[in-house]
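The values are calculated or read from the model by the stated rules, or taken from the named source; none is laboratory data. The model shown is predicted, which means the values in this text are computed figures rather than measured ones. As a convention, Cβ positions derive from the backbone with ideal geometry for all residues, glycine included, and neighbour counts pool all protein chains shown. Surface areas here come from the heavy atoms of the whole protein model, side chains and all, with no ligands, DNA or RNA. Shrake-Rupley method; radii C 1.70, N 1.55, O 1.52, S 1.80 Å.
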Amino acid sequence: MARFTPHTEADVEEMLEAIGVESLDDLFADISPKLEGELDLPPALSEYEALADVNEAAKENVAGLPLFIGAGAYDRIVPSAISTITQRGEFLTSYTPYQPEVSQGHLQVVFEFQSMISELTGFEVSNASVYDGSNAVAEAALMTARLTKRDPKVAVSSGLNPRYREAIETYGVEVVDLAFEEGVTDFSEIPDDVSGVFVQSPNFYGVVEDIEAASDAAHGVDALAVAVCDPIALAVLESPGNLGADIAVGEVQPLGMPLLFGGPYAGYMATKKEFVRQLPGRIAGETVDQEGKLAYVLTLRGREQDIRRAKANSNICTNQALTALAATVYAALMGPQGMREVAELSASKAHYLASKLVEAGLELRYPDAPFLWEFAVELGEAEDVRKANEALLEAGIVGGLDLGDGAMLVAVTEKRTKKDLDAFVEVVANAG
């Protein structure tokens, strides 16, 4: 069994020292080795009675409230056809095809997902998704190090989602913050030893940033530019591939996935054809079989489950095929025009809400910066944000994200009605 144990005795001792205990048994000191006394448990229930209890408890949940919180996951309309398709047995049970060419339907879905991401981002190649957006960002940081043959050190916009930055640091990559003024990043001073420069647009605060400036600055120090983009935003904004970026990554949750208590979601990664062999994950390709019929294959498989771990581009083997399928179905249902309408509706409603909040005497944190459907509004002190969110919840509305410094990050999607928006303004304006 020793060969299946990943930690040596020296590893264990080092970890115990870091934790501050002397032995593995000390980790369980607060757990009694044997049960003392009787557990105070209710009587056993039949299946029917247990389900009745669960259903009764579920009635205490509050669902269907208008949400004004985003910060990376958005409450968008999900066409019912998506769940109808993704719940089909052949999709619901598909996982890793170890004889992939047998699973032609699965591979076609993967290929369609890649094609959709490539079209949105303006890049030649995309992988078959990764675990989520933060995973995609962290993998991109390592990818830039491999491509530039530099130490894993990246410069990031302070507008990058904090969760994404945490993921980069968890991967052991050094992070350098770039100056952040009026909601946008100053790319004029980038260290010359970084492997990549990261810019998110729209950024965490909803502001549309300058991907082209970030790309030029990155290339000025022989680094790679990584654009972190919301796929819905790419329906109305220029694609990062056309703005000089080298890699595009992001979260596909906005494409047909409900919030799902935070997951599972899926991350996308796209890049130039010349960088394809450093792209982590799997890539499906389209070809013909020996009879000349259309066929799909796994073209590249740079992950630890397919090749030796030391040679893998990534040790994350999950590609979230089911959620990537949901995103693919959403894109097929909506089409380019439908996705554009979603983006435009969200933006117009957000700008309406922002203007009404300003009319009510509040100020936007970045009043002169361009935004789509997310913005930060100043409410005064941190306590004022808490009071506003409590008042909103009392009124049957889930407020925005408390930024902890007297401002609230507000997200508006196509689902919000004028009644929702006006109610939000009335409550927030009177919450103080």
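Evaluate the following for Met269: is it within 14 Å of the chain's Cα centre (by Cα) and assigned to a strand (DSSP E or B)?
yes
Which residues, taken from region 240-256, are open to solvent by less than 10 Å² (accessible area, probe 1.4 Å) and part of a loop (DSSP other than H, G, I, E, B)? So that I can check it myself, show each step before the final result.
Step one: filter region 240-256 for residues open to solvent by less than 10 Å² (accessible area, probe 1.4 Å), giving 240, 245-250, 252-256.
Once the filter is applied, which keeps residues that are open to solvent by less than 10 Å² (accessible area, probe 1.4 Å) and part of a loop (DSSP other than H, G, I, E, B), region 240-256 yields Ala245, Asp246, Val252, Gln253, Pro254, Leu255, Gly256.
Can Gly380 be described as open to solvent by less than 40 Å² (accessible area, probe 1.4 Å), part of a loop (DSSP other than H, G, I, E, B), out of contact with any Phe, Trp or Tyr (no Cβ under 9 Å at 6 or more places or on another chain) and on the phi > 0 side of the Ramachandran plot?
no
Got a number for residues in region 8-18 being surrounded by fewer than 10 Cβ atoms within 10 Å (Cβ to Cβ) and under 36 Å from the mean Cα position of the chain (by Cα)? Walk me through it before giving the result.
So in region 8-18, the residues surrounded by fewer than 10 Cβ atoms within 10 Å (Cβ to Cβ) come out as 9-10, 18.
Retained after the next criterion (residues that are under 36 Å from the mean Cα position of the chain (by Cα)): 18.
So the answer is 1.
Pairs, please: C-beta under 8 Å, at least 6 apart or cross-chain, first residue in contact (Cβ under 8 Å) with a residue 12 or more places away in the chain and within 18 Å of Ala233 (Cβ to Cβ) and in region 346-367, second among the aromatic types (Phe, Trp, Tyr) and part of a loop (DSSP other than H, G, I, E, B)?
Ser346/Trp373; Ala347/Trp373; Lys349/Trp373; Ala350/Trp373; Tyr366/Tyr205
For (1) out of contact with any strand residue (DSSP E or B) (no Cβ under 7 Å at 6 or more places or on another chain); (2) buried (at least 24 other Cβ atoms within 10 Å of the Cβ); (3) under 17 Å from Leu142 (Cα atoms), each residue gets a yes or a no:
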| site | (1), (2), (3) |
| --- | --- |
| Tyr171 | yes, no, yes |
| Thr185 | no, yes, no |
| Ile190 | no, no, no |
| Ser195 | no, yes, yes |
| Gln200 | no, yes, no |
| Val208 | no, no, no |
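Quick one: count up the residues across region 23-67 that are closer than 29 Å to Glu394 by Cα and open to solvent by 100 Å² or more (accessible area, probe 1.4 Å).
Adding up the residues that qualify gives 5.
Could you tell me whether any residue of region 281-291 is in contact with an Asp or Glu (Cβ under 6 Å, 6 or more places away or on another chain), in contact (Cβ under 8 Å) with a residue 40 or more places away in the chain and open to solvent by less than 20 Å² (accessible area, probe 1.4 Å)?
Within region 281-291, none of the residues are in contact with an Asp or Glu (Cβ under 6 Å, 6 or more places away or on another chain), in contact (Cβ under 8 Å) with a residue 40 or more places away in the chain and open to solvent by less than 20 Å² (accessible area, probe 1.4 Å).
Looking at Gly172, Gly159 in this structure, which one is assigned to a loop (DSSP other than H, G, I, E, B), more than 22 Å from Gly263 (Cβ to Cβ) and more than 19 Å from the chain's Cα centre (by Cα)?
Among Gly172, Gly159, only Gly172 is assigned to a loop (DSSP other than H, G, I, E, B), more than 22 Å from Gly263 (Cβ to Cβ) and more than 19 Å from the chain's Cα centre (by Cα).
Would you tally the residues in region 83-140 being assigned to a helix (DSSP H, G or I), modelled with pLDDT under 95, among the small types (Gly, Ala, Ser) and closer than 30 Å to Gln290 by Cα?
Total meeting the criteria: 2.
So if I check each of Asp210, Asp186, Asp193, which one is of a type in the set (D, E, K, R) and farther than 15 Å from Tyr366 by Cβ? Spell out the reasoning first.
Values: Asp210 fails: farther than 15 Å from Tyr366 by Cβ; Asp186 fails: farther than 15 Å from Tyr366 by Cβ.
Every option except Asp193 fails the conditions.
I'd like the full set of residues that are assigned to a strand (DSSP E or B) and free of Cβ contacts under 8 Å to residues at least 60 places away in the same chain, limited to region 186-226.
To start, the set of residues in region 186-226 that are assigned to a strand (DSSP E or B) comprises 196-200, 207, 224-226.
Listed by number, the residues that qualify are Gly196, Val197, Val199, Gln200, Ala225.
Among the residues in region 355-375, are any under 30 Å from Ala423 (Cα atoms), among the basic types (Lys, Arg), in a loop (DSSP other than H, G, I, E, B) and at pLDDT 95 or above?
yes
Does Ala145 fit the bill of being exposed (fewer than 12 other Cβ atoms within 10 Å of the Cβ) and in a helix (DSSP H, G or I)?
Criteria not met by Ala145.
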